[in-house]
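Notes for the one structure printed next.
The values are calculated or read from the model by the stated rules, or taken from the named source; none is laboratory data. It should be emphasised that the depicted structure is a prediction, and the values quoted were computed from it without experimental measurement. Counting neighbours? That spans all protein chains shown, and the Cβs are built from the backbone with ideal geometry, glycine included.
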Amino acid sequence: MSNYTQIKLYALLLVASLFLIAQPAFATKRVALVLGNATYQNAPLLPNPANDAGAIAATLRAAGFDVVDSRLNLAATDMKRALRDFADQARDADIALVYYAGHGIEIDGTNYLIPTDARLERDTDIYDEAFSLDRVLLAIEPARQLRVVIVDACRNNPFADTMRRTVASRSISRGLARVEPTVSNTLIAFAAKAGLTALDGNSQNSPYAAALVKYIAKPGLDLRRAFGFVRDDVLQATGNRQEPYVYGSLGGEDVALVPAPKAVEPTPAVANPQSEVRRDYELALQLNNKDALGAFLTQHPDGYYASLAKLQLNQIEAEEARVAATEKARQAQQQQARLASEGALRAEQEKAAADLKAAEDARIAAERTKLAAQQQAADAERKRTTSEGSISTALTRNKAAVENSTTVSPPPAAVAAQSDTDTKVAALSAGPQQADPARADIPQADLARSVQSELSRVGCFTGAVDGEWNAASQRSLSLFNRHAGTKFDAKLASLDALDAIKLKSSRVCPLVCERGYKADGDQCSRITCAEGSFLNDDNECERRRGKKPVANRNTGERPARADRPARERFAPAAEAPTPRRQATAKGSSGSIYCDQHICRQVNRGCRLEYRGGGGPGGNTGNVEVCN
């Protein structure tokens with residue numbers, strides 16, 4: 001080859017390289033296969049796989065996937081054809097994803113996906129009638145950048161009771177077995193941890209599928225973080241009974257199924273002179289004590305937020321006055337009970353009763369003052385939140401209008417994809433006031449009423465279900481957080497809190513009864529003390545302690561008491577042993593003779609004499625002698 005030819009060839013290669021460098025990067029090709037098996041011919045029907053597969057397919061289509069092949073209720077031949085066709089799609093793809101919902105079992109450490117026509121009469125039939133997870137991994141292996149398999153099949157083995165084992169030592173476990181991908185940049189996500197089973201849930205979709213729809217197509221969200229958010233949601237929705245798990249590893253860079261949108265230069269924000277005051281007020285409101293509110297009023301003595309702070313301060317002071325009045329009423333009640341038990345003078349008891357009435361009136365007045373201050377503060381805070389929310393919404397709409405006017409309009413499909421994925425994962429970036437887009441049209445009052453009703457059902461709320469999210473409702477949600485282990489913002493009723501409370505099937509907050517009442521199941525019943533007992537400070541019945549009669553040690557005589565039973569005072573003479581001493585008392589119809597054991601009445605003018613041995617009255621030595 002001549003030098004001229006070599007130089008020409010080098011020049012052509014250089015031009016081609018420059019041309020390739022100058023060209024924009026090719027778009028990432030993403031393909032997905034979605035399978036849902038629900039109507040099994042030889043196993044019970046599964047309620048959710050078809051719905052779950054449809055929701056996942058719609059999410060991926062809205063996210064802009066190039067190919068989304070969705071198929072339902074596949075027999076063995078159809079499933080084989082679907083995997084073979086998808087392998088062809090994955091060969092020139094950058095990202096390949098397979099989602100499967102249906103029955104899956106594990107035998108000897110290998111996981112299998114079950115077609116709808118499988119019979120599985122014996123354990124060895126699994127090799128002919130089902131598809132191993134390795135077969136699915138083989139279909140997506142050609143993808144260049146990322147391979148993802150999502151298995152929502154960790155349910156109980158429906159063939160366990162009928163399947164015959166050809167080898168007794170062959171292992172057939174519940175759930176699916178742990179896997180380790182052999183190809184790099186491969187993730188395998190299970191709806192439940194290895195060896196555990198997944199739940200179908202009580203709604204249209206399983207908890208796992210609902211969480212996937214919410215997070216997996218979030219633009220720019222790293223896939224590992226997305227599966228982490230899915231895990232948290234499923235644990236919360238199932239009461240920590242189901243924990244999703246992900247096997248495999250990725251590199252150090254973020255890997256998202258949906259790329260982040262192109263950044264747009266933000267418009268300069270308009271300075272708000274009240275923003276600093278509002279931040280100080282919200283910090284003082286979060287601390288919620290007199291010192292914090294007092295410091296705020298010292299720094300900002302006038303203005304709108306100063307008035308709100310004064311209302312909050314009045315509420316705290318009213319609560320302190322109510323607590324003090326309640327304590328004073330309790331002490332007055334104890335003083336009255338003590339004087340009554342000690343038999344104090346009537347004047348002292350009347351004074352104690354008057355003090356108790358005055359303390360109780362003061363307590364009731366303090367309670368009313370507290371409720372009034374509480375209502376005023378709650379109304380003012382609700383108006384502030386509504387006003388600031390309206391302003392924020394108007395600013396957001398204005399910003400969106402500016403952005404739309406300065407950028408090129410995207411295709412309708414891209415707009416739909418962006419809108420759908422943004423709304424489905426709003427919980428990642430929104431505050432507690434952001435609602436689920438599927439139910440964004442629910443009025444706040446109706447939502448508050450629903451949360452109050454559910455809190456009342458689990459024993460955390462005792463007020464009126466009126467849709468007013470006041471301080472009592474906030475305390476009830478805080479009480480639920482403490483006993484249920486949740487961390488919902490108590491200042492606002494939210495759909496997440498409502499869903500979590502609905503999952504509780506029984507009482508969560510313990511029943512607390514007032515003084516004089518005790519817990520009786522789900523109700524408080526009045527404590528009734530027996531005669532001679534009183535209600536002590538521990539809210540328990542205690543027997544009154546009086547002075548008991550003391551026998552005379554010198555004479556052995558027992559005092560005749562009116563409260564001693566008649567059978568003891570006038571017992572038959574035959575019951576008494578030989579007396580040692582006698583005491584005589586005059587009666588209206590004769591005399592009463594008593595020894596240390598019994599008393600006996602004799603006729604007027606007669607007496608008892610001890611003759612020794614048995615007498616005419618029986619085995620006693622007492623004989624009645626008349627003049």
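Pairing residues of region 190-201 that are at pLDDT 80 or above with residues that are part of a loop (DSSP other than H, G, I, E, B) and not hydrophobic (A, V, I, L, M, F, W, C), at Cβ distances under 7 Å and at least 6 apart in sequence or on separate chains, gives Phe190/Pro244; Ala191/Pro244; Ala192/Gly175; Ala192/Gln242; Ala192/Glu243; Ala192/Pro244; Lys193/Glu243. Remark: pairs (first residue in region 345-361, over 10 Å from Gln333 (Cβ atoms); second residue hydrophobic (A, V, I, L, M, F, W, C) and loosely packed, with under 12 Cβ neighbours inside 10 Å; Cβ separation under 6 Å; 6+ apart in sequence or on different chains) are absent. Considering Pro301, Pro268, Pro273, the condition of being at pLDDT 85 or above and not polar (S, T, N, Q) is satisfied by Pro301 alone. Taken over region 491-546, residues that are among the charged types (D, E, K, R), in contact (Cβ under 8 Å) with a residue 60 or more places away in the chain and not in a loop (DSSP other than H, G, I, E, B) amount to 2. How many residues does region 444-470 contain that are in a helix (DSSP H, G or I), among the hydrophobic types (A, V, I, L, M, F, W, C) and buried (at least 20 other Cβ atoms within 10 Å of the Cβ)? So the answer is 4. For region 525-536, the condition holds for no residue, the condition being that it is within 30 Å of Gln286 (Cβ to Cβ) and loosely packed, with under 12 Cβ neighbours inside 10 Å. Tell me yes or no: at least one residue of region 70-81 is crowded, with 16+ Cβ neighbours inside 10 Å and β-branched (Val, Ile, Thr). No, region 70-81 has no match at all.
Taking region 1-120 and the helices (runs of 4 or more DSSP H) fully enclosed by it, the elements with 3 or more residues that are modelled with pLDDT of 90 or more, within 18 Å of Leu138 (Cβ to Cβ) and touching a strand residue (DSSP E or B) at 6+ places or on another chain (Cβ under 7 Å) are at 76-90.
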